[in-house]
Amino acid sequence: MTLARRIIPCLDVRDGRVVKGTRFRDHVDMGDIVSLATRYAREGADELVFYDITASPEGRAVDLDWVTQVSRAIDIPFCVAGGIRSVDAARAVLHAGADKISVNTPATQRPELVTELADAFGVQCVVVGVDSLRDEDGVWRIRQLTGNPDATRALPVTTLDWVRHVQERGAGEIVLNCMGSDGVRQGYDVQQLAAVRQVCHVPLVASGGAGAPEHFVEVFRDADVDGALAATVFHSGDIEIPALKRRLAEAGVTVRTVPELTA
Amino acid sequence: MSLRVALVDSGGTNIGSVSYALERLGATARLTADRGDILAADRVVLPGVGAAGAAMRRLRELDLVEVLHEVHAPLLGVCLGMQLLFGRSAEDGGVQTLGLVPGSVEPIRADYGVRVPHMGWNALTELVDDPLLAGIGEGERAYFVHSYAAPVGPSTLAATTHGDTFTAVVRSGLRWGAQFHPERSAAVGARLLRNFLTEVDR
């Protein structure tokens, strides 16, 4: 009996609603945050990530009302990402009831932020999101401001060095978003995740590329990640969490199963 | 439910979540650092997220160390709150903690390829028969997030394994502790909290 691998639906939030679409344009309203969060929790999601897509590009603070509503409603952990640039902003989100906060672009702009957050709240609260893409020379490097395609910038630091660095600063978990596979639904970037796994001693969560249950089996088995995050396949209903967990268990992956839902 | 539940204002960031979890069970918890409130309560919950050194400093500043020793009602420490019940924590270079439960807290060893922090849903094993664990079965999973842990000892009611095997639930007299987060552990956590409210002093 050991630690279970985690299945983590990611919900994009804008103006208090769950939306889907490309990160910045053409958003389709997917519904009420609390009812979707409650549904995923009941179906056996191990954790939820809420990505506030309005927050980061414009530098707006996360609107906390929905964080409190989610915290009241669900009994599984959740993480809030987007727009958190300071200890004060993080504190407000955590006190509203989030279990973890995730920083991405602000950490690339001011890496001390990771240290400050870890000192203030403990490493277990501090997730660093990393957007990574393979450059033409074959090296994975990080990107910032990926919420807005027009503003996205490539940075000179390699993904492996960045992952090492943020751990030294106090990251308690890394979410690696492999941009090359994101949205294509052809599977996680197992090669890249396995490489990052070698330098990542804190929990590592795979993001980008999930399209079928087999992709989850592969990423747990071949990249040894601790969690797998996905959005579209869950929101669309293409993959249902109870069936996914049964498939993973059959493949020998340790997962948490929940009792069959009673209507 | 008309129980008076005191939620000790230990400064941790999970105070809201614990309070909401109690609300979902129909209880109302009063967030307090007041001696009178705490000693008058039917149940006392000590939450906590963060580091042992800062948490103990805060309890001392609020004059709560002695108060917690005077509590006669059932007391439940959650996560760091559980770790504070022991006598000593190795965190922050070594911290003297409340000493309400025998034992001490050590760093989780990142041996055997396990990742630290221990983060996620792990199985409760070696369960001891206790009202706090009524209805919770061997192997059921709860949500853990921590980098320090208490070795298994005579007070351990349930264990979990992440590299080493350590204490997941502990009891000494009417003081209980859960290393995992019952407020974030779905049905298992809700059952533990409900047991704490309704079963432990029967």
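The values are calculated or read from the model by the stated rules, or taken from the named source; none is laboratory data. Note that this is a predicted model, so its numbers are computed, not measured. With ideal geometry, Cβ positions are generated from the backbone for all residues, glycine too; neighbour counts draw on all protein chains shown.
Descriptive notes on the structure:
- Where strands (runs of 3 or more DSSP E) fall entirely within the stretch B:92-184, those with at least 1 residues that are under 13 Å from the mean Cα position of the chain (by Cα), away from chain A (no Cβ under 11 Å) and among the aromatic types (Phe, Trp, Tyr) are at B:175-178.
Matching residues to (1) under 27 Å from A:His165 (Cβ atoms); (2) over 18 Å from the mean Cα position of the chain (by Cα); (3) touching a residue at least 12 places away in the same chain (Cβ under 8 Å):
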| site | (1), (2), (3) |
| --- | --- |
| A:Leu193 | yes, no, yes |
| A:His201 | yes, no, yes |
| A:Val205 | yes, no, yes |
| A:Gly211 | no, no, yes |
| A:Val225 | yes, no, yes |
| A:Thr232 | no, no, yes |
| A:Ile239 | no, no, yes |
| A:Arg247 | no, yes, yes |
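- For the residues A:Gly209, A:Gly170, the requirement of being within 14 Å of chain B (Cβ to nearest Cβ), at positive phi and touching a helix residue (DSSP H, G or I) at 6+ places or on another chain (Cβ under 7 Å) singles out A:Gly170.
- Here B:Ala186 clears all of (1) closer than 30 Å to B:Leu62 by Cβ; (2) of a type in the set (A, V, I, L, M, F, W, C); (3) modelled with pLDDT of 95 or more except the condition numbered (1).
- Within the stretch A:82-108, being away from chain B (no Cβ under 14 Å) and in contact with a strand residue (DSSP E or B) (Cβ under 7 Å, 6 or more places away or on another chain) holds for A:Gly82, A:Gly83, A:Val103, A:Asn104, A:Thr105, A:Ala107, A:Thr108.
- Here the stretch A:191-216 is the region considered, the condition is being in contact with a Gly (Cβ under 9 Å, 6 or more places away or on another chain) and more than 22 Å from A:Asn104 (Cβ to Cβ), and the residue that is surrounded by the most Cβ atoms within 10 Å (Cβ to Cβ) is A:His215.
- Of all residues making up the stretch B:21-43, the number that are in contact with a helix residue (DSSP H, G or I) (Cβ under 6 Å, 6 or more places away or on another chain) and either on the phi > 0 side of the Ramachandran plot or surrounded by 21 or more Cβ atoms within 10 Å (Cβ to Cβ) (or both): 4
- Considering the stretch A:44-68, and only residues there that are within 12 Å of chain B (Cβ to nearest Cβ) and surrounded by 18 or more Cβ atoms within 10 Å (Cβ to Cβ), the residue that is modelled with the lowest pLDDT turns out to be A:Val67.
- The one condition from (1) within 12 Å of chain B (Cβ to nearest Cβ); (2) without any contact (Cβ under 8 Å) to a residue 40 or more places away in the chain that A:Val127 does not meet is (2).
- Neighbours by Cβ (under 8 Å, 6+ apart or cross-chain): first from the stretch B:182-199, touching a residue at least 60 places away in the same chain (Cβ under 8 Å); second among the basic types (Lys, Arg) and surrounded by fewer than 21 Cβ atoms within 10 Å (Cβ to Cβ): B:Ala190/B:Arg24
- Residue ID - modelled with the highest pLDDT, chosen from residues in the stretch A:131-165 that are surrounded by fewer than 23 Cβ atoms within 10 Å (Cβ to Cβ) and touching a Leu at 6+ places or on another chain (Cβ under 7 Å): A:Arg141
- Residues within the stretch B:105-118 that are crowded, with 18+ Cβ neighbours inside 10 Å and farther than 17 Å from A:Gln167 by Cβ, tallied: 1
- Scanning the stretch B:23-52 for residues that are at pLDDT 95 or above, touching a strand residue (DSSP E or B) at 6+ places or on another chain (Cβ under 7 Å) and part of a helix (DSSP H, G or I) yields B:Asp37, B:Ile38.
- Members of the stretch B:32-70 found to be free of Cβ contacts under 8 Å to residues at least 40 places away in the same chain, among the hydrophobic types (A, V, I, L, M, F, W, C) and within 17 Å of B:Phe196 (Cβ to Cβ), listed by number: B:Ile38, B:Ala41, B:Val44, B:Leu46
- Scanning the stretch B:131-146 for residues that are within 17 Å of B:Met82 (Cα to Cα) and free of Cβ contacts under 8 Å to residues at least 60 places away in the same chain returns B:Ala142, B:Tyr143, B:Phe144.
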